[in-house]
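Each remark here refers to the structure printed beneath this line.
The values are calculated or read from the model by the stated rules, or taken from the named source; none is laboratory data. Note that the structure is a prediction, hence the values are computed from the model and not measured. Reconstructed Cβ throughout: ideal geometry from the backbone, glycine too, with neighbour counts over all protein chains shown.
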Amino acid sequence: MSYPKVLTKRMEDHPADSHTIERYAATGGYAQAKAALDMTRDELVDIVKASGLLGRGGAAFSTGLKWSFLAPARPAYLVVNGDESEPGTFKDRQLLERDPHQMLEGVIITAIANEVHHAFVYIRGEYPKPARRLQRAVDEAYAEGYFGKGIFGSDYDLDVTVHLGGGAYICGEETALINSLEGQRGEPRLKPPYFPAAKGLYMMPTIVNNVETMANLPHILDMGVEAYKALGHGDDTGTFLTSLSGHVNNPGNYELPHGITWRELIYEVGGGIPGDRELKMWIPGGASAPWFNPEDHLDLPITKGDTGQAGSMLGSGAVVVMNDTTCVVKAAERVVRFFSHESCGQCTPCREGTTWLEMILRRIEAGQGRPIDADLLLDVSDNISVGLAWPPRQTTICPLGPSAVSPITSIMRHFKDEVMAHITEGACPFAKTEVPA
Amino acid sequence: MSIWSESTQSRAKEILAKYPEKRSAVMPLLYLAMAEDGWLTIEGMTEVAEWVGITPAQVQSVASFYTMYKREPTGKYLVSLCTSISCMLLGSDDVLHAIEDESGVPHGETDDEGVISVEHAECIGACGGAVACQVNYELIEGLTPEKGRELVRWLKKARPDAVNTDEMQELFGGRRSFDWAIQSDVGAAGPYPAFEPYGTATEDAK
């Protein structure tokens with residue numbers, strides 16, 4: 001089954017040079033950015049609102065609506081969030097390495113729509129190659145007059161600065177990212193204000209959008225709102241990129257239409273489980289998302305609404321597949337360890353809670369769990385995210401703490417017997433996760 | 001008087017010109033300081049403070065927040081092996097043990113000669129190419145325990161001036177997250193990311 005390609009079409013058709021400005025220009029490149037110069041802010045915001053484009057970083061918030069919140073003070077800034085760090089996610093890396101101009105054209109469109117004259121692209125520090133590729137694209141675009149003084153021969157000035165992060169997942173949270181870009185510790189800011197569009201970088205109105213979100217914009221202007229919406233499924237418009245990893249035969253990034261089922265994704269796109277093993281569970285939307293299992297979820301369509309109703313989210317588009325030799329305690333420990341390591345430490349429930357969740361899981365996995373530990377996991381989790389509900393409530397400034405609760409509720413609801421077996425038998429019942437050849 | 005070389009000082013001026021406020025240059029300048037000294041020294045952080053007009057304590061508070069600013073002596077080759085969920089499912093813990101065993105360096109430490117540092121990293125965005133590893137943040141995908149040992153032996157013996165992602169992928173890598181398609185022509189000379197505007201990308205890595 002093949003699906004229509006939009007964001008990944010150029011790199012598929014022209015693998016050797018999809019990153020160059022020559023190839024980009026030869027395939028319609030920068031025409032939409034130029035056209036945007038003749039449009040008003042209201043026109044552009046209305047088009048993006050009407051397109052139904054949802055942010056592709058994880059929160060799935062309406063991009064057009066975010067833009068419409070921009071406060072009137074100036075200067076306004078644009079910060080592109082390329083701090084892709086959600087475990088399982090590697091789609092923005094491909095967009096940056098293989099088609100950086102597509103993203104940059106989105107930057108120009110967004111800047112014009114939001115009266116921005118200085119944009120920043122914040123790329124995680126562990127992505128030097130994507131950053132180098134993007135910087136060369138930026139240099140090419142400056143040389144053509146697409147950035148700098150009077151872009152495209154107009155009287156509109158626009159600069160762009162590529163900024164490398166320092167290896168902190170939390171900087172993907174937009175207010176932490178702004179603090180980091182200001183040269184501060186990457187700690188999320190207290191809300192309100194809820195949106196950087198009110199007060200963001202240097203306390204000025206700021207738009208923060210994800211790399212993939214940017215990459216969609218030239219296509220929305222090019223094909224028009226109706227054609228863009230028709231690519232999707234109901235409220236989930238356009239295509240989306242999913243990063244597939246773990247125990248599947250064909251891991252990788254795939255551009256897909258919303259509305260296909262998890263069965264199609266895992267068994268057709270992903271080619272099924274290596275060694276014809278059984279599917280045990282999967283993470284449907286990055287490490288922050290509660291896990292799905294085949295009995296309840298395999299035939300659900302992949303949409304924001306269906307996934308949300310089933311108690312999880314599409315998040316960053318990362319799908320991590322686990323076979324039947326995977327120990328749920330060890331898998332949960334690895335995900336919780338991530339959040340424990342990445343907690344910024346500002347809020348006590350997250351700083352202390354994630355640390356204790358990791359330690360409790362580790363002792364259960366080592367066969368040293370106590371009978372009370374199962375309840376203790378839920379109790380600590382409840383202190384981080386009261387009621388263990390979905391969407392999660394939070395006792396913290398940002399959603400990182402509640403994200404660490406997702407693997408706990410996932411294993412305690414679906415695999416409690418397996419967790420308890422670790423405790424009663426005093427050992428992990430799994431010899432070892434089978435590594436596919 | 002700056003403790004930095006002339007070329008690093010001119011880099012610092014170029015970087016400062018890219019931001020509306022000086023303090024935003026703290027993170028890039030910290031990478032410059034690492035490139036000057038091989039790791040992030042107190043003197044380096046104090047120099048950054050001078051450039052951006054804040055106190056050394058403020059710079060240290062920023063540097064200590066981020067894992068990539070190494071405030072202790074770090075080997076010429078920083079081997080960061082991902083052991084997050086997707087890599088763990090594909091056997092990263094065995095690869096880490098092989099690298100630790102072959103190098104004699106437990107994660108979080110550096111060998112006596114200052115050649116190799118080993119650390120386990122949280123997700124580095126190469127999950128489709130698990131098990132993933134970086135040397136000075138230059139990526140290798142599809143690493144196995146045996147290839148991990150070969151990597152360590154090569155670093156110790158060949159001691160390249162700079163490491164290049166395509167070269168290492170060719171020598172030691174396996175399955176990739178996606179078709180890389182295009183070669184990278186620069187490499188990383190120390191335990192910090194190779195990025196042209198920071199002057200840390202070394203030409204002709206091979």
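Looking at A:214, A:223, A:281, can you tell me which residue is under 22 Å from residue A:86 (Cα atoms) and assigned by TED's automatic domain parsing to the domain that holds residue A:96? Give the steps one after another, and end with the answer.
Values: A:223 fails: under 22 Å from residue A:86 (Cα atoms); A:281 fails: assigned by TED's automatic domain parsing to the domain that holds residue A:96.
Just one listed residue meets the conditions, A:214.
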Which of the residues that make up region B:16-37 are within 20 Å of residue B:136 (Cβ to Cβ) and either free of Cβ contacts under 8 Å to residues at least 60 places away in the same chain or not hydroxyl-bearing (Ser, Thr, Tyr) (or both)? B:27, B:28, B:29, B:30, B:32, B:33, B:34, B:35, B:36, B:37
Of the candidates B:14, B:72, B:21, B:50, the one satisfying the condition of being at the interface with chain A (Cβ under 10 Å from one of its Cβ atoms) and more than 30 Å from residue A:282 (Cβ to Cβ) is B:21
Listed by range, strands (runs of 3 or more DSSP E) wholly within region B:138-206 having at least 3 residues that are in contact (Cβ under 8 Å) with a residue 24 or more places away in the chain, of a type in the set (S, T, N, Q) and over 22 Å from residue B:123 (Cα atoms) are none
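In region B:69-95, how many residues are more than 24 Å from residue B:160 (Cα to Cα) and touching a residue at least 12 places away in the same chain (Cβ under 8 Å)? Give the derivation first.
Quick first cut of region B:69-95, residues more than 24 Å from residue B:160 (Cα to Cα) only: B:83-94.
Checking which are touching a residue at least 12 places away in the same chain (Cβ under 8 Å) leaves us with B:83-87, B:89-92, B:94.
Within region B:69-95, residues that are more than 24 Å from residue B:160 (Cα to Cα) and touching a residue at least 12 places away in the same chain (Cβ under 8 Å) number 10.
Looking at region B:9-22, which of its residues are closer than 21 Å to residue A:125 by Cβ and surrounded by fewer than 19 Cβ atoms within 10 Å (Cβ to Cβ)?
Here is the first cut: in region B:9-22, the ones closer than 21 Å to residue A:125 by Cβ are B:11-12, B:14-16, B:18-19, B:21-22.
Correct list: B:14, B:16, B:18, B:21, B:22.
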Is it true that some residue in region A:55-77 is within 13 Å of chain B (Cβ to nearest Cβ), in contact with a His (Cβ under 9 Å, 6 or more places away or on another chain), surrounded by fewer than 24 Cβ atoms within 10 Å (Cβ to Cβ) and in a strand (DSSP E or B)? yes
Find the helices (runs of 4 or more DSSP H) located wholly in region A:353-431 whose residues include 2 or more that are among the polar types (S, T, N, Q), out of contact with any strand residue (DSSP E or B) (no Cβ under 9 Å at 6 or more places or on another chain) and buried (at least 20 other Cβ atoms within 10 Å of the Cβ), and list them. A:400-414
Which condition from (1) under 26 Å from residue A:168 (Cα atoms); (2) more than 10 Å from chain B (Cβ to nearest Cβ); (3) hydrophobic (A, V, I, L, M, F, W, C) is the one that residue A:111 breaks? (1)
Filter result (among the charged types (D, E, K, R) and either facing another protein chain (nearest Cβ under 8 Å) or more than 13 Å from the chain's Cα centre (by Cα) (or both)) within region B:75-111: B:93, B:94, B:100, B:101, B:102, B:109, B:111
Condition (residue is at positive phi and surrounded by fewer than 19 Cβ atoms within 10 Å (Cβ to Cβ)) applied to region B:67-83: is it met by at least one residue? no
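Yes/no per residue for (1) within 8 Å of another protein chain (Cβ to nearest Cβ); (2) farther than 27 Å from residue A:68 by Cβ; (3) surrounded by fewer than 24 Cβ atoms within 10 Å (Cβ to Cβ):
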| residue | (1), (2), (3) |
| --- | --- |
| A:125 | yes, yes, no |
| A:139 | no, yes, yes |
| A:148 | no, yes, yes |
| A:151 | no, no, no |
| A:156 | no, no, yes |
| A:173 | no, no, no |
| A:185 | yes, yes, yes |
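Right, residue A:37: surrounded by fewer than 16 Cβ atoms within 10 Å (Cβ to Cβ), farther than 30 Å from residue A:234 by Cβ and touching a helix residue (DSSP H, G or I) at 6+ places or on another chain (Cβ under 8 Å) or not?
Numbers: surrounded by fewer than 16 Cβ atoms within 10 Å (Cβ to Cβ): yes; farther than 30 Å from residue A:234 by Cβ: yes; touching a helix residue (DSSP H, G or I) at 6+ places or on another chain (Cβ under 8 Å): yes.
Spelling it out, residue A:37 is indeed surrounded by fewer than 16 Cβ atoms within 10 Å (Cβ to Cβ), farther than 30 Å from residue A:234 by Cβ and touching a helix residue (DSSP H, G or I) at 6+ places or on another chain (Cβ under 8 Å).
What number of residues within region A:308-340 are in contact (Cβ under 8 Å) with a residue 60 or more places away in the chain and in a helix (DSSP H, G or I)?
Going residue by residue through region A:308-340, those that are in contact (Cβ under 8 Å) with a residue 60 or more places away in the chain are A:308, A:311-323, A:325-332, A:335-336, A:338-340.
From what is left, the residues that are in a helix (DSSP H, G or I) are A:308, A:328-332, A:335-336, A:338-340.
Of the residues in region A:308-340, 11 are in contact (Cβ under 8 Å) with a residue 60 or more places away in the chain and in a helix (DSSP H, G or I).
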Considering residues of region B:99-117 that are among the small types (Gly, Ala, Ser) and in contact with a Gly (Cβ under 9 Å, 6 or more places away or on another chain) only, the residue farthest from residue B:151 (Cα to Cα): B:114
Would you mention how many residues in region A:269-291 are surrounded by fewer than 24 Cβ atoms within 10 Å (Cβ to Cβ) and free of Cβ contacts under 8 Å to residues at least 40 places away in the same chain? 3
Only listed residue being surrounded by 24 or more Cβ atoms within 10 Å (Cβ to Cβ) and either more than 9 Å from chain A (Cβ to nearest Cβ) or acidic (Asp, Glu) (or both), chosen from B:140, B:124: B:140
Residue ranges of helices (runs of 4 or more DSSP H) in region A:3-45 with at least 2 members touching a residue at least 24 places away in the same chain (Cβ under 8 Å), within 26 Å of the chain's Cα centre (by Cα) and more than 14 Å from chain B (Cβ to nearest Cβ): A:31-36
In region B:139-191, what count of residues is obtained for those that are among the small types (Gly, Ala, Ser) and at pLDDT below 95? 1
For region A:234-256, pairs from a residue that is away from chain B (no Cβ under 11 Å) and at negative phi to a residue that is crowded, with 23+ Cβ neighbours inside 10 Å and of a type in the set (Phe, Trp, Tyr), with Cβ under 7 Å and 6 or more apart or across chains, are A:237/A:228; A:256/A:240
Are any of the residues in region A:256-263 surrounded by 17 or more Cβ atoms within 10 Å (Cβ to Cβ) and of a type in the set (S, T, N, Q)? no
Criterion first (more than 14 Å from chain B (Cβ to nearest Cβ) and crowded, with 23+ Cβ neighbours inside 10 Å) does residue A:48 satisfy it? yes
